[in-house]
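Working notes, beginning with the structure itself.
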Amino acid sequence: MEKRPILIIDDDPKVCELVTSVLTGAGFDVLAASDGLRGIETARAAQPTVILLDMMMPGLDGIETCKRLKQEPALEHIPVVGITGSTDLSYTEKAFRAGAWFFLPKPFGAESLVQVVELAAEAAHPETAMQQPRHHPRFPAALPVRCLVRGDAETAQELVGQTENVSLGGLLVFLSKALEPGTVLRLRLDLADGPITAYGIVIWQYIQPLGEGKIPHGIQLLRFTEEDNLVKYRRFLSQLAPGDVVRAR
């Protein structure tokens, strides 16, 4: 397969320099564009594997840029990672609806950047991933998880559930209520060394419940709220073995 670059679209030159330095060191080729229009033109010419897109740019902002990328047949298949400093869950949902697959909060560390680019690159070529050992294996783990579902401007709903299995890219979670695919969640996952929080999105749900409080949902992890949460989660996964079932104490 031809090696294609990663494209960063951001009006902040320091962010572009950071991304280029980190990803080049991790073995990726990187191209940069300083605004949405230049980014779209560069994407047309280079056909990048992944596009990192700042959501809060002047002029053509990230959401509109993402919409335009997804309207072009030659570009619509390319995973977009939204880069945002906003903690507003509704803004994250808008970006997802526009076509972003993953999100990376500002400021971000090198580990988070490489992780999300690897996840997006794997998602871009599922046929290659099927021919190789999984980059992010799943592990059985029955852990408590709280899901905060955004309501209207003043309300939110909290659901309590339990994971069935976990991976670096997502969770299989049993909940008592069915959530529509595309629902954005704030997650709290209770690990042995303390809770971690992240944003996720419902990718699928099995409408036939397996019993009371047993509706399976596939949740993709979008981003962790803190760099330390990602470090904790990766450490937790590194201690698991595929055949072991981890249960909350």
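The values are calculated or read from the model by the stated rules, or taken from the named source; none is laboratory data. Not measured: the values here are computed from a predicted model. Here Cβ is always computed from backbone atoms with ideal geometry, including for glycine, and neighbour counts include all displayed protein chains. We work out accessible area using only protein heavy atoms, side chains counted, and drop any ligands, DNA or RNA first. Shrake-Rupley method; radii C 1.70, N 1.55, O 1.52, S 1.80 Å.
Within the range 48-56, identify whether any single residue is touching a residue at least 24 places away in the same chain (Cβ under 8 Å), surrounded by fewer than 15 Cβ atoms within 10 Å (Cβ to Cβ) and of a type outside the set (Asp, Glu), and answer yes or no. No - not one qualifying residue is present in the range 48-56.
When you look at His77, is it part of a loop (DSSP other than H, G, I, E, B), modelled with pLDDT of 75 or more and either open to solvent by 20 Å² or more (accessible area, probe 1.4 Å) or aromatic (Phe, Trp, Tyr) (or both), yes or no? Criteria met by His77.
Listed here are the strands (runs of 3 or more DSSP E) enclosed by the range 145-249 that have at least 1 residues being more than 25 Å from Trp101 (Cβ to Cβ), open to solvent by 70 Å² or more (accessible area, probe 1.4 Å) and at pLDDT 90 or above: 156-166. What about Gly27, is it at pLDDT below 95, within 22 Å of the chain's Cα centre (by Cα) and farther than 22 Å from Glu122 by Cβ? The answer is no for Gly27.
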